[in-house]
Amino acid sequence: MYTTDKLPLDQKDCFGKFGLMSIPYRYFAGLFLSEAMIALRDDKKILGAKCEKCDKVYVPPRSRCEKDFSKITELVEVGPEGTVEEITVVNYEEEYFKKFCSMLDPPYTMALIKLDGASTKLLHRIPGDKIKRGDRVKPKWAADDKREAMITDIEYFEKV
Amino acid sequence: MTKRMRNVAISGIGQTRHRGHREDVNMVELVSEAVEAVLEDSKMDLKDIDCIVHGNMELFEGVHQPDMWHVLGDGAYGKAGFRITTGGTTGATIVCSADHLVASGMYDSVLAIGWEKQEEGMTTTGITNMADPLWEREIQTGAITGTHGVMMMNKFGEPANQAAAEFRVLMADNARKNYKAHLRIEITRKDVLASRVLAWPLRLLHMCPESNGACAILFVSEKLAKKLPQKPVWMHDHVTVHRQETFDLVNMGDLDTHGEAARVLYARNGILDPMKQVGVFEMYDPQSWWALDWLGKFLMLENGEQIEMILNGDFAIDGKFPVNPSGGVVSSNPIGATAIIRVAEAALQIRGNAGEHQVPKDVNLAMSTGFGGTFWTVLHLLGAEKPDK
C-alpha cells in the first residue's frame, strides 16, 4: 500500500524517468483585442466589447457574441470599480505557479468581479482573506514602467 | 458498399486563406472566419446547425480543450459538440465523425471544423510526445525524416529524385492557381534540387510549411441537402487504417496503411481502376518524397509507374489523373485543418466551382486522404451521385 506522497521510487527495481515538458507559445490577441490590452498598459483603462445586437458587454472583451455569432466592433470603457460576485481563498503556495506566474503571498482571495458597466465577470485576486461577496473593489495598477499590456498590469483589486 | 442508415451530403464549404502569419487575429477569430465562410457558402442559418465537431493538433498551441474555448467564436453555443484530435489525420477523422453523426440519424446538420494556428506553438513539442519516453523520445526528430526518400532512391535511383522534385514543382504550379494556398511560389526542378538538405534526399523545398488556417464543412441529411442551394456532394465511404504507435512496429520506410486503406475502399465500392473511375485525388502529401511513394501505394502501382507519370505531367490539373489541384499539403499545412481541406478541395472539384484550380472535366468520384503523425491513414470517397444510386 502506498500513497501519493510515498511512491515507491526509492526501490531500485522500479525505474522511473522524470522529465519536464516545456510548451513554448506565442499568443496573438488579434487586432481588435490588442486595443484593449494596449489600453491597460498605456491608459490604465479597462475596455469591454459591446455586442450591438444584444447590448451585452463582454469583459474580458471578445470579437464575437457567443450567443448570436454577431461580430463585435465596439470597445467601451468599464469600471474601474466593480462588485465582488464569487470568491475562494487561497491558503497554499504552489511551486510551479510561483516559479512561472506572478503570485500574491497566501492567504489571498481569488475573485470574480463584475466591473461597473460589464455584463460578465473578470477573474482577479484580492490580498487577504476578509473579502465578502458584494464588496466594492478597485484596481491597484502596476507602476507605469512595469505595465506590459497584460492582465497583471492590474496587480490586484482592493477594497474601495 | 458500407451500410448507411441514410445518405449524407456536403452542402457548404468554408476556408480561410492559409498563411504563415496571422498576427491580426487570435485563434477564435481565425476559426470564426471559416465558420462565417461556410455559412455564406451554404446559406445555412447557424441556429439550424445541430452539432459542431471541432479539432486540431494536441498541444500545438499549448491550449487545453480549445473546442470549449472556441465556443466564443465558432457558433457552438448551446449545440452538441465533440473534439477530435488524431494527429495529422485530425481533419479527416472530423469528417468521418460528422459523416457518422448525420448518417446515423442522430443529427440533420453537423458542422465540422479543423484549424491550426501554428505560428503560436512549437510543433515539435507536440510531436515528440508521441514517442515512448524511455526508448524513443530523446532520439526521434519530430516530423522530418528521409526514410521514404532513401527507400525510393534505393529502388529507382535518379529518376525518383527527378520525379519527387517535379511533383513539388507541380504542387507550386497548382498552388499559384489557388488563392487560398499559403506557398504560391514559382519554382523549377532545379530550385528544388538545389535547396538545403534536411535529411538526404529530403530537401527544404520538398517539405510542407507551417501554416495558420481553418476549414469548415457542413454535412447534412439528404432531406436538408435538397433545400440548400449548393450542389450536394455525397459521402460514399471512408476507411481508417491504424498502425501501432511505437516506432519499432511502424514500417517507416515502407508504410503499409495507405495500400491497405485503398484495397478496402476499392473492394467495397467496386473500383477496379482508380485512375479511370476516380476523377480527382486530393492526397495528404507532407513532403514530396512521401508523395512520390504514396501515389504508388494509393493507386496500386507496384513498379514505380508514378515516376514516369509525374515526369509526363499525368497528375497535372489538365492531366490524365489530377492530383492535388489545390497545391496540396506542401503548399498549405495548418495541420488540424490540413486533412479536412483535402476533403473540402475534393468536394469543390465535384461541385465544379473550385475556381482557377478547377479540373477541366466533370468529376463523378473524388478521393481524399489524411495521414497521421502516428503513421495511419484515413481515405475518403466522395461522389456527385448518391452512393445508393
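The values are calculated or read from the model by the stated rules, or taken from the named source; none is laboratory data. Quantities reported herein were computed from a predicted structural model and do not represent experimental measurements. Because the Cβ atoms are built from the backbone with ideal geometry, glycine has one as well, and the counts that use them run over all protein chains shown. Note: areas computed on protein heavy atoms with side chains; ligands, DNA, RNA excluded. Shrake-Rupley method; radii C 1.70, N 1.55, O 1.52, S 1.80 Å.
Some notes on this structure:
- When B:Ile144, B:Ile139 are checked against the criterion of being of a type in the set (Val, Ile, Thr), open to solvent by 50 Å² or more (accessible area, probe 1.4 Å), closer than 18 Å to B:Trp290 by Cα and at pLDDT below 95, a single residue qualifies: B:Ile144.
- Any hit, the range B:314-335, residues being assigned to a loop (DSSP other than H, G, I, E, B), farther than 15 Å from B:Ala175 by Cα, in contact (Cβ under 8 Å) with a residue 60 or more places away in the chain and open to solvent by 10 Å² or more (accessible area, probe 1.4 Å): no
- Selection within the range A:107-128 - open to solvent by 40 Å² or more (accessible area, probe 1.4 Å) and either on the phi < 0 side of the Ramachandran plot or among the aromatic types (Phe, Trp, Tyr) (or both): A:Pro107, A:Met110, A:Leu112, A:Lys114, A:Asp116, A:Ser119, A:Lys121, A:Leu123, A:Pro127
- Against the test of being in contact with an Asp or Glu (Cβ under 6 Å, 6 or more places away or on another chain) and either within 20 Å of B:Trp69 (Cβ to Cβ) or within 14 Å of chain B (Cβ to nearest Cβ) (or both), the options A:Lys45, A:Lys53, A:Lys71 yield a single qualifying residue, A:Lys53.
- Taken together, the residues in the range B:48-60 that are under 14 Å from B:Phe219 (Cβ atoms) and at the interface with another protein chain (Cβ under 10 Å from one of its Cβ atoms) amount to 0.
- Within this structure, B:Leu292 passes the test of being open to solvent by less than 10 Å² (accessible area, probe 1.4 Å) and assigned to a helix (DSSP H, G or I).
- Of the residues making up the range B:61-93, those that are in contact with a helix residue (DSSP H, G or I) (Cβ under 8 Å, 6 or more places away or on another chain), within 28 Å of A:Asp68 (Cβ to Cβ), of a type in the set (Gly, Ala, Ser) and within 10 Å of chain A (Cβ to nearest Cβ) are B:Gly73, B:Gly75, B:Ala76.
- Residue check, B:Asp45 open to solvent by 30 Å² or more (accessible area, probe 1.4 Å), without any contact (Cβ under 8 Å) to a residue 24 or more places away in the chain, in contact with a Leu (Cβ under 6 Å, 6 or more places away or on another chain) and within 12 Å of chain A (Cβ to nearest Cβ): no
- Pick from the range B:106-132, criterion within 21 Å of B:Gly81 (Cα to Cα) and assigned to a loop (DSSP other than H, G, I, E, B), ranking: most open to solvent (accessible area, probe 1.4 Å): B:Met106
- Of all residues making up the range A:33-74, the number that are touching a Leu at 6+ places or on another chain (Cβ under 8 Å), farther than 15 Å from A:Thr120 by Cα and either of a type in the set (Val, Ile, Thr) or at pLDDT below 95 (or both): 1
- Members of the range B:184-199 that are under 20 Å from B:Met152 (Cβ atoms), among the charged types (D, E, K, R) and assigned to a loop (DSSP other than H, G, I, E, B): B:Arg196
- Exclusive hit being within 18 Å of the chain's Cα centre (by Cα) and either under 30 Å from B:Leu46 (Cβ atoms) or more than 14 Å from chain B (Cβ to nearest Cβ) (or both), set A:Val160, A:Val89: A:Val89
- Residues of the range B:125-147 satisfying the condition of being touching a Ser or Thr at 6+ places or on another chain (Cβ under 8 Å), free of Cβ contacts under 8 Å to residues at least 40 places away in the same chain and more than 12 Å from chain A (Cβ to nearest Cβ): B:Gly142
- From the list B:Val169, B:Val150, the lone residue that is more than 14 Å from chain A (Cβ to nearest Cβ), part of a helix (DSSP H, G or I) and farther than 22 Å from B:Arg342 by Cβ is B:Val150.
- Within the range B:1-25, tally of residues that are closer than 18 Å to B:Ala112 by Cα and either touching a Gly at 6+ places or on another chain (Cβ under 8 Å) or open to solvent by 30 Å² or more (accessible area, probe 1.4 Å) (or both): 4
- Residue count for the range A:39-59, restricted to those that are on the phi < 0 side of the Ramachandran plot and surrounded by 15 or more Cβ atoms within 10 Å (Cβ to Cβ): 14
- Filtering B:Val95, B:Val28 for residues that are in contact (Cβ under 8 Å) with a residue 24 or more places away in the chain, in the same structural domain as B:Pro229 (by TED's automatic domain parsing), open to solvent by less than 10 Å² (accessible area, probe 1.4 Å) and outside any loop (DSSP other than H, G, I, E, B) leaves a single hit, B:Val95.
- Condition check for A:Val84: within 14 Å of chain B (Cβ to nearest Cβ) and either open to solvent by less than 30 Å² (accessible area, probe 1.4 Å) or out of contact with any Leu (no Cβ under 8 Å at 6 or more places or on another chain) (or both): no
- Only one of the numbered conditions (1) farther than 29 Å from A:Asp55 by Cβ; (2) of a type outside the set (S, T, N, Q); (3) surrounded by 12 or more Cβ atoms within 10 Å (Cβ to Cβ) is not met by A:Asp135, and that is (1).
- Residue match in the range B:277-289 (condition: open to solvent by 30 Å² or more (accessible area, probe 1.4 Å), modelled with pLDDT of 95 or more and either farther than 26 Å from B:Pro387 by Cβ or in the same structural domain as B:Met171 (by TED's automatic domain parsing) (or both)): yes
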